[in-house]
1. Take the conditions modelled with pLDDT under 95 and in a helix (DSSP H, G or I) and apply them to A:ALA5. Does it pass?
2. Sort through A:ALA146, A:ALA236, A:ALA192, A:ALA212 and tell me the only one that's facing chain B (nearest Cβ under 10 Å), touching a residue at least 60 places away in the same chain (Cβ under 8 Å) and under 23 Å from A:SER122 (Cβ atoms).
3. Which condition from (1) in contact (Cβ under 8 Å) with a residue 40 or more places away in the chain; (2) in a helix (DSSP H, G or I) is the one that B:TYR116 breaks?
4. Select from segment B:219-234 the residues that are over 15 Å from B:LEU342 (Cβ atoms) and small (Gly, Ala, Ser) and list them in ascending order.
5. Can you find even one residue in segment A:104-117 that is buried (at least 24 other Cβ atoms within 10 Å of the Cβ) and more than 7 Å from chain B (Cβ to nearest Cβ)?
6. Quick one: which of B:ARG85, B:ARG92 is surrounded by 14 or more Cβ atoms within 10 Å (Cβ to Cβ) and out of contact with any Lys or Arg (no Cβ under 8 Å at 6 or more places or on another chain)?
7. Working only within segment B:119-161, note down all residues that are of a type in the set (Val, Ile, Thr), crowded, with 24+ Cβ neighbours inside 10 Å and without any contact (Cβ under 8 Å) to a residue 60 or more places away in the chain.
8. Please specify each residue of segment A:23-41 satisfying the condition of being touching a Gly at 6+ places or on another chain (Cβ under 9 Å), surrounded by fewer than 19 Cβ atoms within 10 Å (Cβ to Cβ), under 17 Å from A:VAL223 (Cα atoms) and of a type outside the set (D, E, K, R).
Amino acid sequence: MSSCAQPMALTAWIEGVGFIAPGLPDWVSARSVLRGEQPFTPAPSVLPPADLLPSAERRRASRIVKVALATGLEAALQAGADVSTLATVFSASGADGHNCHALCEQLASEDRQISPTRFHNSVHNAAAGYWGIATRSMAPCQVISAFDASFGAGLLDALGQVVLDQQPTLLIAYDSEYPEPIFSKRPLPDVAGVALLLSPTRSARSLARITASPTARSADPMVDPALEAQRLSIPALRALPLLAYLARGVSGEVCLDYLPPMQLSLMIDSLPPC
Amino acid sequence: MTPLLVSSYTATTCLGRGLAATSDALRANRSGLTPCNFETVKLDTWIGEVADVDATVLPAPLSHYDCRNNRLTCLGLETDGFAERVREAIGRYGASRVGVFLGTSTAGILQTELAYRRRDPATGALPEDFFYRTTHNSFSLAEFTRDYFALEGMAMAISTACSSSAKVFAAAARQLALGTIDAAIVGGVDTLCLTTLHGFASLQLTSGQPCRPYDAARDGISIGEGAAFALLERADSAASGSILLLGTGESSDAYHMSSPHPEGLGARLAMQAALRSAALAPGDIGYINLHGTATPANDAAEGKAVAALFDRQVPCSSTKGATGHTLGAAGAVEAVICALALTEGFLPGSPGTTSLDPAIDIDYLLQTRPAQPTSARYALSNSFGFGGSNCSLIFGVAP
């Protein structure tokens, strides 16, 4: 086979970042912690209301829908992107854990007549569906799961779309907790989300260019033990070493966890902050 | 897109295990649907259950993956020589250069549903022998497949409800085009479970009789299960008569969580994108395998989109009257049905459908018939899911 002699570089410009994690309610606060300007104080994740949604859906929006919509919108606004035309890649280990628990509990009971709303909210692509309804975007929308490797899997597909389709793509990686008894089997401590607006072209808003390639190296840890604990406990936060480079505006190579033995090496060419 | 070779493929549904059983049933216009007697479910509906799923034993080192969904995954992989073709590809390209892209809607959630009946009466804890990661999680079938072949490269599950295993073809095609992999195992597996049987019943979307796609009296779906796989490679050396993936098109409805856009606008965008991707015109398509779930809303919306793009020029059918709606496996099952139709020269009919909806102006096939040799070189397959996720694929025969 000769046609694969020259693989295309998996590369994109980062135009905006959205972020929510325990103790870090948005990208601005995360950035100052990752720069070392503020100490990291773990605290329960704070979720803003899902302002994108109509009032009835907003009131009922689950934690996983809120984290996906809020981080996606934060990244898109920073980039000045038109959400009504934006291609999206959603990636999460699981769907709404609380809804899943309620369904399983009821299906184990005598009364199995589950609510139709609970059922349609149980799909892995619920957050993506609400994003589409809210933004009116009819662009392609991908929804991935790769357990703890979900950030890396989402990044690979999003970079592929940027390179091949030569258009901006919004990656939203996010996770939410299960209540007991599933929590003991899948102990995700809280909700968190990382969104990156990836573009094929550099703009005045570009933060950095990233280029991904496979490696067998171990992932780079976070220096701060509390942040390292976050990186390891929530799949979306496997992106933290990349975000630390973006926050500090420095260039270099960082290795992220993906699917051992395949890990992701990212070359980061940061631009000085404007 | 650059055409890709579909170098091996297989499907297992209620029609039977493998290509020959599937082809025989489709040619005879036979349905595999039966009245629902799954597990402890008491619903007035019909299902497409795969025989002998629970008799499948996973390889011992992978026993922690054991659940109905991975048993069907294993059964499917070991059908039609598919696993051997994959091992040959791994031999050609290496364990890090063969990717895994599998679609599912509910993966092994049945395992969790059953575990909830065995919670510790004092603590509420789930039993020790319940493994979330390798059964319930949406990635479990992809991770099982990766471990089954001892692969070391890229893998992901795509879960966009009923378009999941169509979208895997598009995702894998991207990575092949980029050169990050040299071959891809694509496919979909979904198995019967309480969540989908009771869930679709709660939405009043299940029929009390075998589903009747595009019938004037259609009144809902029959849920099925299935496993279908394809091996994608670059088409440089495709032999004449091989099946090629020629185009993929994806779109979103941006309309409603569980109802399609009433005019089929998202469906139309996906079909147009697939035609663009394949550099084909509507008149080139010789057969359309419709999503055709047999709900009043789906078939009306999809029918409008197909009529708008293709007039009455292209023979179409939904094969869900034969297989049931295999949900996250439907895209891959119906991709394989398109491959069978193209290689064996027949156009599948629609068991269960008797009196067509006069409001839908398309050339719908009630009975299976031979393809005109000149007309059926390209087939299009539609898959649409909850959340408004649409995907169309175009397959062709290598000249």
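1. No: the conditions fail for A:ALA5.
2. A:ALA146
3. (1)
4. Of everything in segment B:219-234, those that are over 15 Å from B:LEU342 (Cβ atoms) and small (Gly, Ala, Ser) turn out to be B:GLY220, B:SER222, B:GLY224, B:GLY226, B:ALA227, B:ALA228.
5. No, there is no match, as no residue in segment A:104-117 is buried (at least 24 other Cβ atoms within 10 Å of the Cβ) and more than 7 Å from chain B (Cβ to nearest Cβ).
6. Values: B:ARG92 fails: surrounded by 14 or more Cβ atoms within 10 Å (Cβ to Cβ).
After ruling out the rest, the residue left standing is B:ARG85.
7. If the condition is that a residue be of a type in the set (Val, Ile, Thr), crowded, with 24+ Cβ neighbours inside 10 Å and without any contact (Cβ under 8 Å) to a residue 60 or more places away in the chain, then B:ILE158 is the only one that fits.
8. Across segment A:23-41, the qualifying residue is only A:THR41.
The values are calculated or read from the model by the stated rules, or taken from the named source; none is laboratory data. Here the structure is a predicted model, which means the values were calculated and not measured. Cβ sites come from the backbone with ideal geometry, for glycine too, and all protein chains shown count toward neighbours.
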